[in-house]
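Data block below; observations after.
Every read-out reported here was derived from the displayed coordinates using simple, explicitly stated rules and does not represent laboratory data. Bear in mind that the values here come from a model prediction, so they are computed numbers and not experimental data. Here the Cβ is made from the backbone with ideal geometry for all residues, glycine too, and neighbour counts use every protein chain on show.
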Amino acid sequence: MSIFAKIIAREIPADILYEDDLCLAFRDIAPKAPTHVLVIPKKPIVSLADLTPEDEMIVGRCVIVASQVAKDQNLDNGYRLVVNCGNDGGQEVPHLHFHLLGGRQMTWPPG
């Protein structure tokens with residue numbers, strides 16, 4: 001069971017900012033920006049590479065939630081939404097997650 005599955009099950013505490021039937025948004029414990037929120041589907045999807053057509057609604061919902069959380073966090077000057085996929089993509093937790101980063105100027109290329 002991944003750490004995110006344990007957060008969903010409330011086995012590990014998290015600073016939860018949003019929750020509905022499909023997804024959960026909470027503050028990252030090792031933030032890379034002043035605002036760093038993770039938005040995850042409750043369905044245990046390992047990565048972008050594992051998505052199926054049936055996951056379209058879940059992924060869309062996660063992106064909408066990220067947008068709403070960005071508004072709630074007053075990221076009016078902009079923000080970045082990042083998804084890492086697989087080892088080479090920098091994915092550390094085997095559960096699909098979106099990084100919402102904001103509160104400072106982002107640079108390019110990201111890494």
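Classify the chain as rounded, prolate or oblate from the Cα gyration tensor: take a ≥ b ≥ c as the square roots of its eigenvalues, call it rounded if a/c is under 1.5, otherwise prolate when a/b beats b/c and oblate if not.
Values: a/c = 1.43, a/b = 1.25, b/c = 1.14.
Verdict is rounded for the chain.
Which one, Leu22, His97, Thr52, is farthest towards the positive end of the dipole of the range 3-102 when Lys and Arg carry +1 and Asp and Glu -1 on their Cβ?
Of the candidates, His97 comes out farthest on the positive side.
Please rank Lys43, Lys71, fewest neighbouring Cβ atoms within 10 Å first, as an exposure proxy. Intermediate results must be reported in sequence, preceding the final value.
On the way: Lys43 14, Lys71 11.
Least crowded to most crowded, the residues run Lys71, Lys43.
Multiply the residue gap between Glu92 and His36 by 0.36 nm, knock off their C-alpha separation, and tell me the result in nm, one decimal place.
Values: separation 56, 0.36 × 56 = 20.16 nm, distance 1.57 nm.
Between Glu92 and His36, full extension yields an extra 18.6 nm.
Near the amide H of Cys23, under 5 Å away, which other amide H atoms are found, from residues 5 or more places off or on another chain, if H is placed in the peptide plane?
Sorted by chain and number, the residues that satisfy this are Lys42.
Which of the GluC sites (Glu not before Pro) across the range 16-111 are loop residues per DSSP, with 15 or fewer other Cβ within 10 Å? Kindly include the intermediate steps, with their values, before the conclusion.
Details: sites: Glu19, Glu54, Glu56, Glu92; in loops: Glu92.
Passing both the DSSP loop test and the Cβ count: Glu92.
Let's see if you can work this out: charge +1 on each Lys and Arg Cβ, -1 on each Asp and Glu Cβ, no other charges. What is the dipole magnitude of the chain about its Cα centre, in debye to the nearest 20?
Working: 10 positive and 14 negative charges, 65 e Å.
Charge dipole, the chain, about its Cα centre: 320 debye, nearest 20.
Full-extension gain between Arg27 and Arg10, please, as 0.36 nm times their residue separation minus the C-alpha to C-alpha distance.
Working: separation 17, 0.36 × 17 = 6.12 nm, distance 1.47 nm.
Gain in length upon complete extension: 4.7 nm.
So, R0 is 22 Å and r is the distance between the beta-carbons of Ile3 and Leu81; what FRET efficiency does that work out to, to 0.05? Each step should come with its number before you reach the end.
Numbers: r = 21 Å, r/R0 = 0.94.
For R0 = 22 Å, the calculated efficiency reads 0.60.
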